[in-house]
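Report on one structure; see the data block that follows.
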Amino acid sequence: MSSSTFPTIEIRGDIKLGQFLKLAGLVEDGAVARIAIQAGDVRVNGEVETRRGHRLATGDVVEVELPTGVDGAVVG
């Protein structure tokens, strides 16, 4: 799946990576988000991001490596 097929999730103001993963439905809850981020399974704009508090900007592409494949969303 390419980033152009990922849904765009509209946000207001700043959002942290862990919060965005939950909002976009890419993880079930904050605990799963923390585990995925610490395990190196999350990429922001193609780069592995291991900081749950990383602030996202409009247009950032967030991808998560899941057992079923890669899923993702774009920050709107």
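No value in this document is a laboratory result; all are computed from the given coordinates. What you are looking at is a predicted structure, and each value in this text was computed from that prediction instead of being measured. Ideal geometry is used to build each Cβ from the backbone, glycine not excepted, and the neighbour counts take in all protein chains shown.
Does ILE11 qualify as being surrounded by 11 or more Cβ atoms within 10 Å (Cβ to Cβ) and touching a Lys or Arg at 6+ places or on another chain (Cβ under 7 Å)? Full working, then the answer.
Values: surrounded by 11 or more Cβ atoms within 10 Å (Cβ to Cβ): yes; touching a Lys or Arg at 6+ places or on another chain (Cβ under 7 Å): no.
Spelling it out, it is not the case that ILE11 is surrounded by 11 or more Cβ atoms within 10 Å (Cβ to Cβ) and touching a Lys or Arg at 6+ places or on another chain (Cβ under 7 Å).
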- Message: Condition first: crowded, with 18+ Cβ neighbours inside 10 Å and either over 12 Å from the mean Cα position of the chain (by Cα) or among the small types (Gly, Ala, Ser) (or both). Can you find one or more residues in the stretch 55-69 that meet it?
- Response: no
- Qualifying position, being of a type in the set (Asp, Glu) and out of contact with any Gly (no Cβ under 9 Å at 6 or more places or on another chain), among GLU63, GLU28: GLU28
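Looking at ASP41, ASP29, which is the one that is among the charged types (D, E, K, R) and either surrounded by 14 or more Cβ atoms within 10 Å (Cβ to Cβ) or under 12 Å from the mean Cα position of the chain (by Cα) (or both)? Before you say what the answer is, go through the steps one by one.
Working: ASP29 fails: either surrounded by 14 or more Cβ atoms within 10 Å (Cβ to Cβ) or under 12 Å from the mean Cα position of the chain (by Cα) (or both).
None of the other options fit; the residue is ASP41.
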- the stretch 15-35: number of residues that are under 14 Å from HIS54 (Cα atoms) and in contact with a Leu (Cβ under 8 Å, 6 or more places away or on another chain): 5
- Item | Sole residue being acidic (Asp, Glu), touching an Asp or Glu at 6+ places or on another chain (Cβ under 6 Å) and in contact (Cβ under 8 Å) with a residue 24 or more places away in the chain, chosen from ASP14, ASP71, ASP41 | ASP41
